[in-house]
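Chemist: Have a look at this one before I ask anything.
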Amino acid sequence: MIYLTFTLLFAGLSALWMFQKIFYPYFWDDLMYCLKFRKVGKAIMARMKCGIITYLDCFVHQARKTPEKPFIVFENQVFTYKDVEIRSNKFANVFKTEAGLKHGDIVALLMSNEPDFVCVWLGLCQLGCEVAFLNFNTKSRSLLHCFQTCGANCLVVGSDLIKCLDDILPALLDSAIDVWVTAESASYKNVHTLLDKAELASGEKPQVDIPPPNLCSTFLLIFTSGTTGLPKAARISHIKAVMSMAFLRLCGANENDKIYMALPLYHMAASLLGIGGCIDLGATCVLKKKFSASQFWKDCIKHDVTVLQYIGELCRYLVHQPKTGEEKAHRVRIAAGSGLRADVWKEFSRRFGKIQIREAYGLTEASIGFVNYTTEIGPIGRASYFNKVSLPFELLKCHPETCEPVRTNTGRCVVVNKGETGLLVAPLSFTNPFLGYVGNKAMTEKKLLRDVFKDGDVYFNTGDLMATEDPGQELGCLHS
């Protein structure tokens, strides 16, 4: 009887296991990621209860916890967490006493990848300023547009980028804009120099009167690409910034990793996910001024890189490089990013060893996002039941020409059937706020869908078309 019972039990479990493998092959992957996501969320909330609330708070906490840990490695220079804290304090004191900057001021930052980008940014945060990241690849007309749009009263420019201002500096000075350059001297009249003053400034935290942070208020301004016109300044909330810091942790990185960063720091992927991810983990960032495909694997070996952050084009450049001995002599174990084509993905995995690819989808303006934490090549994320509980979203039927959502006779939107392509939308919430674009109410309103499923509900319209696929239908994968 006992033998029969165990036989039936074994047969039942085997059948259940086979059913799961065939129809829901990623069930355990989905469950484990969900548990990790929940754990990270609880850790963030626990941290906030202890007063570690903002991006800046997280950095200061890490600098106190691991002051001598290397934070940024740049061109054979090593900056510890303590080094960056002291330097950011110096910059903050200069901006407070010399520029009179205070809470609520908007400061534009035009700098290339270098440690002082982070130090200036954190220093301005200490004064309660909102920082607007400017793209140094933007041409003069668009650059002036970006500056005027964000409403900044001060501009900090890197010493290597001062020439970018040749055509627009008179207009800035005529508008009584304070212009600072990260140099000890400048050949331009009425341009303030920062480094000479910082050398004499105190390295102690400045005494400032800043109200308690509102997590749904603006922390940062980041310009979108401007593919449909001039760039738009998206408001980034404190809660989005803090949540973004968990990206590398969710991808499997830890405090012992050395993370290669060649993406531009003015982009959210580098500043919030990358630098923020290092701060969250207490890890080390190997920062590059610009990406070099021919130097990449040499850098990884030299600096013992274990995690790299990519965009699809970066990986494409790498697979098109001639084969070298270094490309498999590295210790890189995780590559996290977005925009990786399936064909490049396959070749990247084949050539460069056992690197876990963590392809993701995310937006500058909102917190909706996905990560492909499986071994399947191609998908940008998972649409599992567990993920929808953690970060709700829907795929709506839409008109193919306009991408406008289809509405019923009662004015409600319609969710697509499984396997169909639909418009990705996500409900606005505390963890998925949308603060809009600076000075562009029309575009802000255009990104919102109202009365989607019931009166009064509001959804963020990503503008991206996606589809769920097998296996598992509701556990299917998302493609843009």
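Chemist: In straight Cα distance, which lysines are under 20 Å from residue 328, not counting same-chain residues fewer than 8 positions off?
Modeler: Within the straight-line cut-off, residue 328 pairs with 258, 298, 302, 346, 354.
Chemist: Gap in Å between the Cα centre of segment 115-134 and the Cα centre of segment 332-360?
Modeler: Taking the Cα centre of each part, segment 332-360 and segment 115-134 sit 32 Å apart.
Chemist: Report the gain in length on full extension from residue 46 to residue 341: 0.36 nm times residue separation, minus Cα-Cα distance, nm rounded to one decimal. Don't skip to the end; give the middle numbers.
Modeler: Working: separation 295, 0.36 × 295 = 106.20 nm, distance 3.80 nm.
Additional length available on full extension: 102.4 nm.
Chemist: Place a +1 charge on the Cβ of each Lys and Arg in the chain and a -1 charge on the Cβ of each Asp and Glu, then give the dipole magnitude about the Cα centre in debye, rounded to the nearest 20. Intermediate values should be presented prior to the final figure.
Modeler: On the way: 53 positive and 47 negative charges, 190 e Å.
I would put it at about 920 debye.
Chemist: Pop a pseudo-label 7 angstrom from the Cα along the beta-carbon direction at both residue 457 and residue 78 and give the gap in nm to one decimal.
Modeler: 5.4 nm
Chemist: Check which residues have an amide H placed less than 5 Å from residue 181's amide H, if you skip close sequence neighbours.
Modeler: 157, 192, 193, 194
Chemist: Here is a further query. Cut-off is 10 Å between beta-carbons; in what order do 230, 265, 110 appear when sorted fewest neighbours first? Don't skip to the answer; put the middle values down first.
Modeler: Values: 230 14, 265 21, 110 25.
Ordered from fewest to most neighbouring Cβ atoms within 10 Å, 230, 265, 110 come out as 230, 265, 110.
Chemist: Moving on. Determine, from the Cβ-Cβ distance of residue 69 and residue 375 and an R0 of 45 Å, the FRET efficiency 1/(1 + (r/R0)^6), rounded to the nearest 0.05. Walk me through the intermediate numbers first.
Modeler: Working: r = 32 Å, r/R0 = 0.71.
Here the calculated transfer efficiency is 0.90.
Chemist: Test of understanding: what is the full-extension gain from residue 208 to residue 390, defined as 0.36 nm times their sequence separation minus their Cα-Cα distance?
Modeler: On the way: separation 182, 0.36 × 182 = 65.52 nm, distance 3.73 nm.
My answer for the length gained is 61.8 nm.
Chemist: A follow-up question, please. By counting other Cβ atoms within 10 Å of each Cβ, how are 437, 459, 33 ranked from fewest to most? Intermediate values should be presented prior to the final figure.
Modeler: Numbers: 437 23, 459 27, 33 20.
Ordered by Cβ neighbours within 10 Å, fewest first: 33, 437, 459.
Chemist: State, as an integer percentage, the relative contact order of segment 51-361 based on alpha-carbon contacts under 8 Å between residues 6 or more apart.
Modeler: On the way: 592 pairs, mean separation 51.8, N = 311.
Value for segment 51-361: 17 percent.
Chemist: Calculate the dipole size of segment 194-255 relative to its Cα centre from +1 charges on Lys and Arg beta carbons and -1 charges on Asp and Glu beta carbons; express the result in debye to the nearest 20. Mind showing how you got there, number by number?
Modeler: Numbers: 6 positive and 5 negative charges, 82 e Å.
In debye, rounded to 20, segment 194-255 gives about 400.
Chemist: Further question on the same structure: For semi-axes √(5λ) of the Cα gyration tensor in Å, several values are listed as (1) 40, 28, 22; (2) 37, 36, 23; (3) 57, 21, 19; flag the one computed from this structure.
Modeler: Only one option fits the structure, namely (1).
Chemist: Moving on. Roughly how many nanometres apart are two label points built 7 Å out from the Cα toward the Cβ at residue 350 and residue 428?
Modeler: The modelled label-to-label distance comes out at 4.8 nm.
Chemist: Shape verdict for segment 64-170, please, from the Cα gyration tensor: rounded (a/c under 1.5), prolate (a/b greater than b/c) or oblate.
Modeler: Numbers: a/c = 2.52, a/b = 1.48, b/c = 1.70.
The shape class here is oblate.
Chemist: Just to confirm the number: angle between the C-alpha axis of helix 342-352 and the first principal axis of the chain, 0 to 90 degrees, nearest 10?
Modeler: The helix 342-352 is inclined about 80 degrees to the chain.
Chemist: Mind checking which of 439, 398, 410 is farthest towards the positive end of segment 356-443's charge dipole, using Cβ charges of +1 (Lys, Arg) and -1 (Asp, Glu) about the Cα centre?
Modeler: Going by the charge dipole, the pick is 410.
Chemist: Follow-up question, since we're still on this one. Given H placed 1.01 Å from N in the peptide plane, which residues other than close sequence neighbours of residue 265 have an amide H under 5 Å from its amide H?
Modeler: Residues meeting the amide H criterion: 113.
Chemist: Additional query: Rounded to the nearest 5, what is the percent of antiparallel bridges among the DSSP beta bridges in the chain?
Modeler: Working: 30 of 65 bridges.
Roughly 45 percent of the beta bridges in the chain run antiparallel, per DSSP.
Chemist: Same structure again: Give me the distance in nm between label points sitting 7 Å out from Cα along the Cα-to-Cβ direction at residue 408 and residue 97, one decimal.
Modeler: So the two model labels end up 6.7 nm from each other.
Chemist: Still on this structure, please answer the following. Can you tell me the 0 to 90 degree angle between the C-alpha axis of helix 27-49 and the longest principal axis of the chain, rounded to 10?
Modeler: The angle comes out near 40 degrees.
Chemist: Arrange 260, 385 by Cβ neighbour counts within 10 Å, fewest through most, would you? Provide the component values of the computation, followed by the final result.
Modeler: Details: 260 26, 385 14.
Ascending Cβ contact count within 10 Å gives the list 385, 260.
Chemist: Quick one: if the Förster radius is 30 Å, what FRET efficiency do residue 417 and residue 31 give, using the C-beta to C-beta distance and rounding to 0.05?
Modeler: Working: r = 25 Å, r/R0 = 0.84.
Efficiency computed from Cβ-Cβ geometry: 0.75.
Chemist: Okay, moving on. For segment 237-249, what does the Karplus curve 6.51 cos²θ - 1.76 cosθ + 1.60, with θ = phi - 60°, yield as ³J(HN,Hα) per residue in whole Hz, taken in order and with x for Gly and Pro?
Modeler: 7, 4, 5, 5, 4, 5, 5, 5, 5, 8, 4, 5, 4
Chemist: Now, a different point. Against the longest alpha carbon principal axis of the chain, how many degrees, from 0 to 90 and to the nearest 10, is the axis of helix 115-126 turned?
Modeler: 90 degrees
Bear in mind that the values in this text are calculations on the coordinates, not laboratory data. For clarity, every value in this text was computed on a predicted model and none was experimentally measured. Ideal geometry is used to build each Cβ from the backbone, glycine not excepted, and the neighbour counts take in all protein chains shown.
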